[in-house]
Amino acid sequence: MQEPTFLILTALAAEPTHGYGVIRAVEQMSQGEVVLRPGTLYGALDRLTEQGLVEIDHEEAVDGRLRRYYRLTESGAAALAGQVQRLRRNADAAAVRLRLAFGGAAL
Amino acid sequence: MTTRIERRYRRLLWAYPRSYRDHRGTEILTTLLEMAEDGHRPGLHLVLAGVRQRFRLPARRPLAWVAALLAAAVLAGFGAAAGTWIAWRTAAAIPSDQQVQVLNATLTGIPGDARLYHETSAQQGPSVAIQADGTAGWSASRIRDGLTGAGWRITSFRESDGRIIPREDMTVSVPIKYGIWTATSGGLKLYGNAQVFTGSPFTDAASYNIRVWPVEPAVLRSLTVVGTIAGLLAGWLLVAALARRRLATVLVAAGLAAATLPAYRFYREAYAVLAYPHGSPDPRTADGSHGGIGTLALIWAVAGLLAIVTAAIVARRRLAVRAR
């Protein structure tokens, strides 16, 4: 799973969120490192919807504007949980090896 | 009220296919406007994302992938042929039949109309050939003057003498004059040869061949390549646009499958156009020194088959992964 996909799923994990909400959440979570552009976001949402990881929760239409809220599906939550485990396992392994090599000075 | 920035974003969204805009346009526009309020101004990236969307095929549709590959391959062949055809429109026009007959009569000294042949060259360009048999004495000056008088610049002229036995039932050889010449005029090339008996019993029996063809247009090869690429993209875009309609995809795939044979012919012709030696040396033959058309066709056929099989396997695997 690529980082933007991981962050989009993470942004939707807590509550249903609309497009710009996802962009802002991803920027905040990554501390400004990942700034999604709308083209990328909606391409990813299309793909994730087709894969059944994300679905539309509800829509808000006001003054010709349309906010569509997305939420994780059960498979999306499972995929995100699986990725969290993988990342945690790899991060732990990296920390252990660094500690062995540098005696904890690097962490 | 529609603001200037909203109009600008609506224009940028035209990069997306219409069906996609119908589904997502307002939503993306809302996001763009909300971002603009916070000072973010997406531009080129949105257009690129829209163009990418046009090439996107729906997931879980192996038939769409097969159809897209087929369409790209077939229409690339047609595109190559179209590019070649357009390029030849920029070439010098070959003389009319009447002009060729007049030139032939002037050069050969044989009166009356001779046999004319309109042929397509290996590079898919036009050429006209005329063959005259009759009785007229050999005269190098008549040919030279005739060419110059008709506006041709002679680029080579050779004549030689020989002896041949004209018929199987004869045992005595007869003297003969051979002539070969080339000339150019306003983007046209001319080649001529002559065989004229100069001794008894066939004195002055003559046989002439003259051929005229246009110089290869400067844009011929580039337009052939551009046409190929345009056809490739058009084929893929066609299927991407129709892929959500299963019946349409099936019909397009069936139609394209039927068009593979002409497309194959167009590929061969495009190869001949590109592999031909530069300088329009001779319009009749293709250069077979670069591996040969047969080998290339075989490679294409195998590559095309592999591509389709790979697409089918990949599509099946994706389906299997998602089904888990």
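Points worth noting:
- 0 to 90° range, to nearest 10: angle between helix A:74-102 axis and chain A longest Cα axis: 20 degrees
- The share of accessible area on region B:69-193 that comes from carbon and sulfur is 54 percent, using a 1.4 angstrom probe.
- Shielding of A:61-68 by partner chains, average beta-carbon count, 10 Å: 5
- Given in Å, the Rg to one decimal and the Dmax to the nearest whole number for the Cα atoms of region B:1-79 are 16.3, 49.
- Mean Kyte hydropathy of -1.0 or more with a Cα span along the axis of at least 15 Å, helices from DSSP in chain B: B:26-37, B:44-55, B:62-89, B:97-108, B:220-242, B:246-258, B:260-275, B:293-323
- Peptide packing for B:198-205, B:49-56 was compared via the average number of neighbouring C-beta atoms within 10 Å per residue; ordered from the highest value, the list is B:49-56, B:198-205.
- Rounded to the nearest 20, the size of the Cβ-charge dipole of the protein assembly as shown about its Cα centre is 1300 debye, with Lys and Arg at +1 and Asp and Glu at -1.
- For B:SER127, distant residues with modelled amide H under 5 Å away: B:GLU119, B:SER121
- Seen through its C-alpha gyration tensor, with square-root eigenvalues sorted a ≥ b ≥ c, region B:1-45 comes out prolate because a/c lies at 1.5 or above while a/b is bigger than b/c.
- Computed per residue of chain B from DSSP H runs no shorter than four, each worth -39500 (n - 2.57), the mean residue ellipticity at 222 nm is -17000 deg cm²/dmol.
- Sorted on the mean count of surrounding Cβ atoms within 10 Å across their residues, most packed first, peptides A:84-97, B:226-239 read B:226-239, A:84-97.
- Calculated diffusion of region B:161-259, Stokes-Einstein form, Kirkwood radius summed over Cα pairs, 37 °C and 0.692 mPa s, µm²/s: 170 µm²/s
- Fraction in percent of alpha-carbon pairs per bin - 10 Å, chain A: 14, 39, 27, 13, 6, 2, 0
- Whether region B:66-168 is rounded, prolate or oblate, judged on the alpha carbon gyration tensor where a/c under 1.5 counts as rounded: prolate
- Per-residue average of Cβ from other chains inside 10 Å of A:22-29: 1
- Over all orientations, the protein assembly as shown has a Cα convex hull whose mean projected area works out to 36.1 square nanometres.
- Taking only the alpha carbons of region A:26-89, we obtain Rg and Dmax values of 14.0, 48 Å in that order.
- At the residue level, A:MET1 shows approximately 100 square angstrom of accessible surface with a 1.4 angstrom probe and all protein chains present.
- Taking B:GLY192, B:GLY162, B:GLY79 in turn, the Gaussian network model of chain B (Cα-Cα springs below 10 Å) assigns the largest fluctuation to B:GLY162.
- Quotient of the Cα radius of gyration of chain B and 2.2 N^0.38 Å, N being its number of residues: 1.53.
- Its residues counted as N, region B:20-65 yields a C-alpha radius of gyration over 2.2 N^0.38 Å of 1.46.
- Within 10 Å of the Cβ of each residue in B:137-145, the mean number of Cβ atoms contributed by other protein chains is 0.
The values are calculated or read from the model by the stated rules, or taken from the named source; none is laboratory data. Small disclaimer: the values here were computed from a predicted structure and weren't measured. When we count neighbours, we look across all protein chains shown, and the Cβ atoms used for this are built from the backbone with ideal geometry, even at glycine. Calculation scope for accessible area: heavy atoms of the full protein, side chains included, ligands and nucleic acids excluded. Shrake-Rupley method; radii C 1.70, N 1.55, O 1.52, S 1.80 Å.
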